[in-house]
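The values are calculated or read from the model by the stated rules, or taken from the named source; none is laboratory data. Being a predicted model, the structure only gives us computed values, none of them experimental. Don't worry about glycine lacking a Cβ; one is built from the backbone with ideal geometry, like all the others, and counts go over all protein chains shown. Surface areas here come from the heavy atoms of the whole protein model, side chains and all, with no ligands, DNA or RNA. Shrake-Rupley method; radii C 1.70, N 1.55, O 1.52, S 1.80 Å.
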Amino acid sequence: MKRVLFLGLGRIGLPTALLSSNKKNVTIGYDINTKLIQNLKKGILSFNEDRIKKLLISKVKQKKISFTNNIMPSDIYVIAVPTPLKKNKKADLSYVFNCISKIINVLKAGDLIILESTVPIGTTNFIKSII
């Protein structure tokens with residue numbers, strides 16, 4: 001059984017984490033937003049999506065997913081954070097690099113990082129060079 005940590009619990013990260021919790025993995029959702037984490041633990045969704053809300057409530061009740069503000073050592077890290085455009089029309093990758101800086105201390109040989117966020121060509125090679 002693998003431990004999967006989803007970093008970023010917005011409109012992409014949360015539904016992906018909820019669907020992943022159907023598998024035989026330990027699924028953990030991480031976000032820097034403390035209020036969001038508190039709400040998700042109670043089954044409260046921050047956006048209006050009925051099917052996702054029902055799935056969230058079900059998975060929380062079944063204890064198939066947990067939520068935290070702390071980075072935990074895992075086997076798989078799924079990064080699903082925003083990469084908004086800056087004024088110069090280049091992607092702001094600060095959220096992605098913030099995630100990398102947090103997980104780099106708990107990475108071990110054989111771990112998998114999945115970058116779900118939209119990034120420019122060459123970003124994954126740059127991340128590899130940092131790690």
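A compact table of results
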read-out: Theoretical gain in end-to-end length, residue 116 to residue 32 [0.36 nm per residue, Cα-Cα removed]; value: 28.5 nm
read-out: Rounded accessible area per residue of the chain, 1.4 Å, Å²; value: 62
read-out: Protection proxy ranking, peptides 36-45, 95-104, average beta carbon neighbours within 10 Å, highest first; value: 95-104, 36-45
read-out: Contour excess over end-to-end distance, with Cα ends at residue 88 and residue 57 and 0.36 nm allotted per residue; value: 7.1 nm
read-out: Distant-in-sequence amide H partners of residue 114 (H built 1.01 Å from N, under 5 Å); value: 77, 78, 79
read-out: Distance between modelled label sites at residue 97 and residue 49, nm, 7 Å Cα→Cβ extension; value: 2.9
read-out: For the chain, built as a Gaussian network whose Cα springs stay under 10 Å, the top-fluctuating residue of 74, 94, 66; value: 94
read-out: Percent of alpha-carbon pairs separated by more than 16 Å within the chain; value: 62
read-out: Carbon/sulfur fraction of accessible area - the chain, other protein chains in place, 1.4 Å, %; value: 55
read-out: Contour excess over end-to-end distance, with Cα ends at residue 22 and residue 126 and 0.36 nm allotted per residue; value: 34.2 nm
read-out: Charge dipole (debye, nearest 20) of the chain; +1 at Cβ of Lys and Arg, -1 at Cβ of Asp and Glu; value: 360
read-out: Radius ratio Rg over Rh of the range 19-88, counting only Cα atoms, Kirkwood formula for Rh; value: 1.00
read-out: Distance between modelled label sites at residue 1 and residue 41, nm, 7 Å Cα→Cβ extension; value: 2.1
read-out: Within-14-Å neighbourhood charge of residue 131 [Cβ basis; K, R +1; D, E -1]; value: +2
read-out: Links that overshoot a 27 Å alpha carbon limit, given the list 24/108; 42/87; 53/128; 35/128; 35/61; value: 42/87; 53/128; 35/128
read-out: Computed [θ] at 222 nm, helices only, for the chain once each DSSP H run of length n ≥ 4 contributes -39500 (n - 2.57); value: -10500 deg cm²/dmol
